[in-house]
Amino acid sequence: MPVIHVDLDAFYVSVELRRRPDLRESGVPVLVAGTGPRGVVMSASYDARALGVHAGQPTVRARRLCPDAVVLPPDFDAYAAVSANVMAVLHGFVRRVEQVGLDEAYLDLAGVPLRPAALGRLIRLRVAEEQGLACSVGIGPNKLVAKLASVAAKPDGLREVTEDQVRGFLRPQPAAALLGVGGKTAEALARFGLHTVADLADTPRDTLRRILGAAAGDGLHALSRGLDERPVVPQRTERSLGHEHTFPADVDDPETVRRTLLDLSAATAARLRAAGLAGRTVTLKLRFADLRTITRSRTLPEAVDLTPDLHAAAVGLYEALGLRRARIRLLGVRVEGLAPGGRPQQLELGGREHGWSEVERTVDALAARFGSAAPRPASLLRSSLRNGPGGGNHAPPPLVHEARSTPENPR
Ligand SMILES: [Mg+2]
């Protein structure tokens, strides 16, 4: 069962450089780091690393090593949004994806018809072209070897280690390269003269058990021989996803409600597509001026991930309530019954959905590339409603910027 490990290179810094061409062109080292007196480096550009800077190092020390560096505070919202887009790319290739943190993932290639190296090259190409980011890809017969292969491939490379190359690949590596061998364990091993993976592999298992304890000894014995049974475990998908908007002043105008529902639908649809998800149940949430809150749901015949479908369902639910001049404080649109896939590659020529899909995908790509400077989904959609898909993007300021995603289920 071959496994691919994908690891984005200097991820936080790369996201910053992508939206700061001035920094990219200046060529100065860039750090994303806490700036307080006890701040630490979270991500360092490769030219900063060449000067000895690394993640986890106190920022004060990094500044001393690299006085010219530009130090940026972390913007985790931006990193999470870009991460979701990258993970959506991976989900487009392989069904079983185990995400680790924001910038790493294991892919289970069982049943995938492409050769692993061909798939790895495709992934690197797509992530570079669509997301403007470099990643390193490691391929191995299991997670351990795939991970160490991606480390060996860095930066911006691909390394495949086949079954019969595992031994030669692992043996020269430091013992600490193996999973779970932290500072303390490495020190304990070093006291017994065990420095490399080869040293471990050539040590009887009982000896390792005596040094490290039974469980750790057994584990390290197996890993040192390149044996790793851990499966790729795809995350449970989110069960629901949505956006809400609280009005600065209560509203009773149906036109404002419909327009806000369009913004909320667009924001929700964009997140669905970014996560590679689609859902069948659309829930409208309404909170009135007196704080009474109601929800109404409708289950659609098929899973959807496009704005017009969500908006039509939400407006239908709103109109079915027959509210007359009720003063509304908050509106929410939520999609439940999520399943992976959606219909990312649906290409019905000339079909309405194709047109919408194309527009929305363009917006997704712009938003991913330029972050908050890009036209927001709803604003481009509004201009598209007037001009047709591909129309101008000189749109009025969007309403969605105040929408908050809410993790809790509305009911
Ligand atoms: Mg990384």
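The values are calculated or read from the model by the stated rules, or taken from the named source; none is laboratory data. For clarity, every value in this text was computed on a predicted model and none was experimentally measured. Quick reminder, even Gly has a Cβ in these numbers, built from the backbone with ideal geometry, and neighbours come from all protein chains shown. What goes into the accessible areas is simple: the full protein's heavy atoms, side chains included, and nothing from ligands, DNA or RNA. Shrake-Rupley method; radii C 1.70, N 1.55, O 1.52, S 1.80 Å.
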Legend entry - Residue that is modelled with pLDDT of 90 or more, open to solvent by 20 Å² or more (accessible area, probe 1.4 Å), in a strand (DSSP E or B) and within 24 Å of residue 95 (Cβ to Cβ), where the choices are 299, 295, 281: 281
Legend entry - Odd one out for residue 268 among (1) surrounded by fewer than 19 Cβ atoms within 10 Å (Cβ to Cβ); (2) in a helix (DSSP H, G or I); (3) of a type in the set (Val, Ile, Thr): (1)
Inset, instruction - Run down 223, 200, 208, 189 and say which single residue is open to solvent by less than 40 Å² (accessible area, probe 1.4 Å), under 30 Å from the mean Cα position of the chain (by Cα) and of a type in the set (A, V, I, L, M, F, W, C). - result: 223
Inset, instruction - Scan (1) touching a residue at least 40 places away in the same chain (Cβ under 8 Å); (2) in contact with a Ser or Thr (Cβ under 7 Å, 6 or more places away or on another chain) for the single condition residue 299 breaks and write down its number. - result: (1)
Inset, instruction - Return the only residue of 168, 132, 157, 138 being without any contact (Cβ under 8 Å) to a residue 60 or more places away in the chain and within 16 Å of the ligand (Cβ to nearest atom). - result: 157
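Residues are listed down the side, and each one gets a yes or a no for (1) in a strand (DSSP E or B); (2) of a type in the set (A, V, I, L, M):
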| position | (1), (2) |
| --- | --- |
| 203 | no, no |
| 229 | no, no |
| 232 | no, yes |
| 243 | yes, no |
| 261 | no, yes |
Legend entry - Answer from 103, 108 - the residue that is out of contact with any helix residue (DSSP H, G or I) (no Cβ under 9 Å at 6 or more places or on another chain) and on the phi < 0 side of the Ramachandran plot: 108
Legend entry - Which numbered condition residue 117 fails, given (1) open to solvent by 60 Å² or more (accessible area, probe 1.4 Å); (2) more than 14 Å from the ligand (Cβ to nearest atom): (1)
Legend entry - Answer from 37, 29 - the residue that is more than 20 Å from the chain's Cα centre (by Cα), modelled with pLDDT of 95 or more and not aliphatic (A, V, I, L, M): 29
Inset, instruction - Please note which strands (runs of 3 or more DSSP E) are completely contained in the stretch 1-111 and include at least 2 residues that are open to solvent by less than 10 Å² (accessible area, probe 1.4 Å). - result: 3-8, 30-33, 41-44, 104-108
Legend entry - Only one of 7, 68, 108, 22 that is closer than 30 Å to residue 273 by Cα, of a type in the set (Asp, Glu) and more than 16 Å from the ligand (Cβ to nearest atom): 108
Inset, instruction - Answer yes or no: is there a residue in the stretch 36-58 that is of a type in the set (Ser, Thr, Tyr), away from the ligand (no atom under 16 Å from the Cβ) and over 30 Å from residue 234 (Cβ atoms). - result: no
